[in-house]
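The values are calculated or read from the model by the stated rules, or taken from the named source; none is laboratory data. Every value quoted in this text rests on a predicted model; they were computed, and no experiment measured them. Positions of Cβ are generated from backbone atoms using ideal geometry, with glycine treated the same way; all protein chains shown enter the neighbour counts. Areas reflect the complete protein model, heavy atoms only, side chains present, ligands, DNA and RNA absent. Shrake-Rupley method; radii C 1.70, N 1.55, O 1.52, S 1.80 Å.
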Amino acid sequence: MGCYFGGMLARAGQAVALIGRSERAQAINELGLEMDCKSFQEVMRIKASDDLSALGDADLVLLSVKSLDTEKTIQEIASILPSHAVILSLQNGVTNVDIATKWISNPVYAAVVYVATGMIGQRTMKHHGRGELYVGSLQPAKDQDQENLAAICTLFEGADVPCSIAQHIEKDMWLKFLVNCSYNAISGIGQIAYGEMVLIPEIVKQIEYITEEFLAIATAEGVLISEAEAAEVNALIASTMVTQRSSTAQDLARGKKTEIDFLNGYIVELGKKYGVPVPYNESIYALVKMLEQSKSMQH
C-alpha cells in the first residue's frame with residue numbers, strides 16, 4: 001500500500017521517500033519501483049531507505065505499517081519528525097490512530113483505504129483494483145485539522161487518487177473494518193481470492209454469520225451500521241477486488257505474523273468485554289493463529 005500511494009504521488013511530481021526493509025529499499029533504489037497498475041505500467045525512480053531519519057524533513061507521513069508495529073514505529077519516529085508534520089494512518093483496524101496519538105503530539109488522521117495491491121518480489125507493486133481514500137479526524141476537528149485534511153485531499157487528487165473528507169470517519173472506518181473481518185481471515189485460511197470466495201455458498205454463509213456478530217459488537221461500541229449497509233460494503237469488495245488475496249493471506253504465505261489480533265481478534269476481545277457471543281469470529285481467529293504458528297515453524 002505504501003508503494004502504491006507513494007508511487008502515485010511520485011508519479012505526479014511530489015518529493016517522496018519510501019521507508020521499508022533494507023532489501024526492498026536497495027532493489028527500488030537500484031532498479032526503480034515497478035508499478036503494474038490497472039490503467040498503466042511504469043517504472044518510477046523513487047528514493048527508498050531503511051533509515052527512519054529520512055523523515056527529518058517530512059511534511060506528510062503515510063503510516064502503512066502493520067497494526068502490530070504501530071506503537072513501536074511511532075515511538076521510533078516521535079523524536080525525528082518535525083513539529084509541522086502530519087501523519088495519515090492507511091492501516092487496517094480501528095485502533096491505530098488512538099495508539100499513535102498516545103506517543104506523538106503531531107496531528108494523526110484516519111484514512112479509510114479501498115485498494116487491492118500486493119508486492120511481487122522486492123520492487124514490483126501489482127494493483128488489482130480501486131484506490132480511493134476517505135480521510136478524517138477522530139477528534140473534534142479544529143480549523144487547522146480542516147486545512148490539513150483539505151491539503152491532503154488536494155495532494156492525492158492531483159496524483160489521480162480519489163480522496164475526500166469523510167463526514168463520519170468512525171463509521172466509515174468500521175465499515176472497512178467489517179470487510180477486513182469478513183474477508184481477510186477466510187482468504188488467508190484458504191489462500192483464495194475474494195472473487196473465488198463468494199462463489200462458495202458455505203463461505204457466503206460464514207461471511208453473513210461473521211457480519212451478524214460484528215454488527216452486534218459495533219452497536220455495543222456505539223457505531224450504528226445497518227444490515228443493508230453491511231451487505232452493500234461486503235458485496236462491493238467481492239465485485240471490485242475479484243483477484244485480490246487479503247493481506248492476511250499474503251502474510252501467511254510468507255510465514256509472517258498477521259494482523260489478526262487487530263481484526264477478528266479485536267472483535268473477540270470486545271465480545272468478552274460486552275458479554276456478546278462471537279463464535280464465528282472466534283473460530284476463524286483460532287484457525288489463523290494456528291496457521292501463524294505452523295507457518296513460523298516451517299520458516
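Go through segment 116-162 and name the trypsin sites (Lys or Arg not before Pro) that are in a DSSP coil and have 11 or fewer other Cβ atoms within 10 Å of their Cβ.
K142
Quick one: if the Förster radius is 45 Å, what FRET efficiency do A253 and D143 give, using the C-beta to C-beta distance and rounding to 0.05?
That pair, A253 with D143, gives E of 0.45.
Give me, ordered by chain and number, the residues 5 or more places off V86 or on other chains with an amide H under 5 Å from its own placed amide H.
Close amide H contacts, sequence-distant or interchain: L60, V61.
Over 25 Å between Cα atoms, which of K72/K257; K38/K176; K38/K256; K38/K205; K176/K257 qualify?
Where the Cα-Cα span goes over 25 Å, the pairs concerned are K38/K256; K38/K205.
Among Q293, V204, V276, which residue has its Cα furthest toward the positive end of the charge dipole of segment 194-299, with +1 on Lys/Arg Cβ and -1 on Asp/Glu Cβ?
So the residue furthest toward the plus end is Q293.
Determine the relative contact order of the chain: mean sequence separation of Cα pairs under 8 Å and six or more apart, normalised by residue count, in whole percent.
Relative contact order here is 15 percent.
Find the accessible area per residue for segment 203-299; the probe is 1.4 Å, ligands and nucleic acids are left out, and the unit is Å². Don't skip to the end; give the middle numbers.
Values: 4870 Å² over 97 residues.
About 50 Å² of surface per residue is accessible.
Rounded to the nearest percent, how much of the accessible area of the chain (1.4 Å probe, protein heavy atoms only) is carbon and sulfur?
52 percent
Toward the positive end of the charge dipole of the chain, about the Cα centre and with charges on Cβ (Lys, Arg +1; Asp, Glu -1), which of Y194, H84, T219 goes farthest?
Y194
List residues of segment 164-206, by number, whose backbone nitrogen lies under 18 Å from a label position 7 Å along Cα→C-beta of E232.
164-180
Tell me which of S53, G32, G6 sits at the most positive position along the dipole axis of the chain, charges placed on C-beta atoms (Lys, Arg +1; Asp, Glu -1).
The Cα lying farthest towards the positive end belongs to G32.
Please calculate how many Å² of accessible area segment 103-168 carries per residue, with a 1.4 Å probe and no DNA, RNA or ligand atoms counted.
Spelled out: the 1.4 Å probe surface of segment 103-168, per residue, equals 46 Å².
Amide H neighbours of V43 under 5 Å, at least 5 residues apart or on other chains, H built in the peptide plane: list them.
Counting only residues 5 or more places away or on other chains, the set is M35.
Be a star and scan segment 120-157 for residues whose amide nitrogen sits under 20 Å from the point 7 Å along the Cα-to-Cβ vector of T101.
Residues 134-153 fall inside that zone.
Stretched out fully, how many nm does the piece from V204 to A286 gain, at 0.36 nm a residue minus the Cα gap? Don't skip to the end; give the middle numbers.
Working: separation 82, 0.36 × 82 = 29.52 nm, distance 1.95 nm.
Net length gain for the segment: 27.6 nm.
Where both residues lie in the chain, what percent of DSSP beta bridges are antiparallel, nearest 5?
50 percent
Treating only the Cβ atoms of Lys and Arg (+1) and Asp and Glu (-1) as charged, compute the dipole magnitude of segment 168-299 about its Cα centre; round to the nearest 20 debye. List each step's numbers first, then the result.
Values: 11 positive and 17 negative charges, 114 e Å.
Dipole of segment 168-299, to the nearest 20 debye: 540 debye.
Dipole of segment 31-99, Cα-centred, from +1 at each Lys and Arg C-beta and -1 at each Asp and Glu C-beta, to the nearest 20 debye?
120 debye
From the phi of every residue in segment 188-200, what ³J(HN,Hα) in whole Hz does the Karplus formula 6.51 cos²θ - 1.76 cosθ + 1.60 yield, where θ is phi - 60° and glycine or proline is x?
x, 5, x, 6, 10, 7, 4, x, 6, 3, 7, 8, 9
Could you run the Karplus curve 6.51 cos²θ - 1.76 cosθ + 1.60 with θ = phi - 60° over segment 111-121 and give me ³J(HN,Hα) per residue in whole Hz, x for Gly and Pro?
For segment 111-121, the Karplus curve yields 10, 9, 10, 10, 8, 10, 9, x, 9, 10, x Hz.
Using the eigenvalues of the Cα gyration tensor, what equivalent ellipsoid semi-axes result for segment 1-95 when each is taken as the square root of five times the eigenvalue, whole Å, largest first?
So the equivalent ellipsoid measures 22, 15, 13 Å along its semi-axes.
Tell me the relative contact order for segment 145-212 as a rounded percent, counting alpha carbon contacts under 8 Å between residues six or more apart. Mind showing how you got there, number by number?
Working: 24 pairs, mean separation 13.5, N = 68.
Relative contact order of segment 145-212: 20 percent.
Under a point-charge model restricted to the Cβ atoms of Lys and Arg (+1) and Asp and Glu (-1), what is the dipole moment magnitude of the chain relative to its Cα centre, in debye to the nearest 20?
The calculation lands at about 700 debye.
What percent of all Cα-Cα pairs in segment 235-299 falls in each 5 Å bin, counting up from 0?
Taking every Cα pair in segment 235-299, the percentages come to 4, 17, 21, 18, 19, 14, 6, 1.
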